[in-house]
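The values are calculated or read from the model by the stated rules, or taken from the named source; none is laboratory data. Only a predicted model underlies this, so the values are computations on that prediction, with no experimental measurement involved. When we count neighbours, we look across all protein chains shown, and the Cβ atoms used for this are built from the backbone with ideal geometry, even at glycine. Just so you know, the surface numbers come from the protein's heavy atoms only, side chains and all, with ligands and any DNA or RNA stripped out. Shrake-Rupley method; radii C 1.70, N 1.55, O 1.52, S 1.80 Å.
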Amino acid sequence: MASTAKRTSRKSTKKKPQIAIVEPAVPTVYSNADLVARRDAAVPRGVASAAPVYASYAENSELWDVDGKRFIDFVGGIGVLNTGHRHPGVIAAAKAQEDLYTHTSFQVVPYAPYIELAEKLNALAPGDAPKKTLLVTTGAEAVENAVKIARAATGRPGVIAFTGGYHGRTLLTLGMTGKVSPYKKNVGPFPADVFRAPFPSVRDGITVEDALTGLKNLFLTDAQPDRVACIIIEPVLGEGGYTPVPFEMMKELRNICDEHGIMLIADEVQAGFGRTGKWFAIEHSGVVPDLITVAKSMAGGYPLAGVIGRADVMDAMDPGGLGGTYGGNPVACAAALAAITAIEDEDLLAKSIAMGDKLKARFAEIGARAAPYRMWDIRGLGAMVAVEFVTDFDTAAPDGALTKRIIAHALERGLLLLSCGMHGNAIRVMVPLTASEEIVDEGLAIFEAALAAAVAETA
């Protein structure tokens, strides 16, 4: 059946799209099943997809596949859509920029949107020191550049990251990423002078004191502190399980960095731009980092990333040492400025806090009803929330199999979910902050039904 016919038959949305759908002149005939087969023949298997459904249309927190089925989106393009699918302000800004020019390369002919966005990011970032911003294209590219800048500023090579941290899939960022499968499997060796410190874990009995002792022991055994350029940490672990860094640990990391002349990098690629109820998750701790990496929800669905940092640190590289052909694309910059405006005008920081409180309360109720002694932890900052599943409370053994079944049952019922965590036994929520109360409630009802069905299968 043609995708155009399916679009006109949708009756489940509560309001008409704010932006008209431009239909192709000749309808394209395909289905999920057809695209699965074509994908298998054309795309490498290493590019995995969580759901075997193919997008046809999306608006705010809802998505329709090519077979016409509606889904509530609790994934948001892996945390990219804090302002929702096709936010009208973001779309309008991008289209207006497209009417002027789409690319010149800022390294050849610069343009105002790059400068305007850099100014805005410098103003939003925590701390009173003057700041500057580099714009690139992907989160991994931002992390690589942050390390490069830190090395240039300090004249040192060493990088310290943490267990469970995720920083990208390029070679250097894989060296920093603290999870082997699937990211690092069979693709080493990784760059030298990258060291790993322990992350606090209630499950593993690692306290903040233990983690800090492990870091200090690392200085004694492998990472000579006056050869360490930077310590990089996600203020809330992303792929590692949506676990916030305890504030006392973040403050002590700042003290350690100051003591040894080390740059502190906050990787805010997934946690930034309102997801936790602050512009940047590190703000909850009161700590000011030297450098911040950003991407994902900064541009409302357009590919854009960056490094924000102290001006003196950012200026450590010589002219030509930073940049990239597509870095700071003007259309993406225009979209980012509009997304930031939407977060401000729609009070999405406050909405994130309220949404997070609601999600945690509802998950606790759902767990007690549908999965007694299986929902082991509910955690997060703001609306960056995860629930973790175990086989039982006595052993707290991770139950990745149950988590997979929950996600599969949710997909059948029309809810998109994604797992995270070192054992794949947590489900994270990345629903757009613009989602209505009704949509969130509907999604939670589907989640409870999926959880009950998955638990019943194990009884």
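At a glance:
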| item | result |
| --- | --- |
| Virtual spin-label span in nm between I78 and T213, 7 Å along Cα→Cβ | 3.6 nm |
| Å² of accessible area per residue within the range 176-216, as computed with a 1.4 Å probe and no ligands counted | 55 Å² |
| T170-A368 FRET efficiency (beta carbon distance; Förster radius 35 Å; 0.05 resolution) | 0.25 |
| Sum of -39500 (n - 2.57) over DSSP H runs of 4+, divided by residues of the chain (222 nm, nearest 500) | -12000 deg cm²/dmol |
| Cα-based shape type of the range 303-343, given that a ≥ b ≥ c are square roots of the gyration tensor eigenvalues and the cut on a/c is 1.5 | oblate |
| Apportionment of accessible area to carbon and sulfur, the range 48-114, percent (1.4 Å) | 62 percent |
| Probe 1.4 Å, protein heavy atoms only - accessible area per residue of the range 109-175 in square angstrom | 37 Å² |
| The range 161-240: C-alpha gyration tensor shape, a/c 1.5 cut-off, then a/b vs b/c | oblate |
| Per residue solvent-accessible surface (Å²) - the range 326-405, probe of 1.4 Å | 39 Å² |
| FRET efficiency for A42 and A445, using Cβ-Cβ distance with R0 set to 25 Å, rounded to 0.05 | 0.10 |
| Contour excess over end-to-end distance, with Cα ends at E119 and D345 and 0.36 nm allotted per residue | 79.5 nm |
| Shape of the range 45-122, Cα gyration tensor, a/c cut at 1.5 | prolate |
| Residue-span extension gain [K404 to Q224] - 0.36 nm each, minus C-alpha spacing | 60.6 nm |
| Distance from the range 183-214 to the range 421-459 (C-alpha centre basis), Å | 29 Å |
| Dipole magnitude of the range 95-244, debye to nearest 20 (Cβ charges: Lys/Arg +1, Asp/Glu -1, about Cα centre) | 320 debye |
| Pairwise FRET efficiency - A112 versus A459, Cβ, R0 = 56 Å, nearest 0.05 | 0.35 |
| Distant alpha-carbon pairs in the range 321-459 (separation over 19 angstrom), percent | 56 percent |
| Length added when fully stretched, D394-D34, from 0.36 nm per residue minus Cα-Cα | 125.0 nm |
| Among A93, V80, Y57 the positive-end extreme of the charge dipole of the range 55-95 (Cβ point charges) | A93 |
| Translational diffusion coefficient (Stokes-Einstein; Kirkwood radius from C-alpha pairs) of the chain at 10 °C, 1.306 mPa s, in µm²/s | 69 µm²/s |
| Check: the chain dipole with +1 on Lys, Arg Cβ and -1 on Asp, Glu Cβ, in debye | 1100 debye |
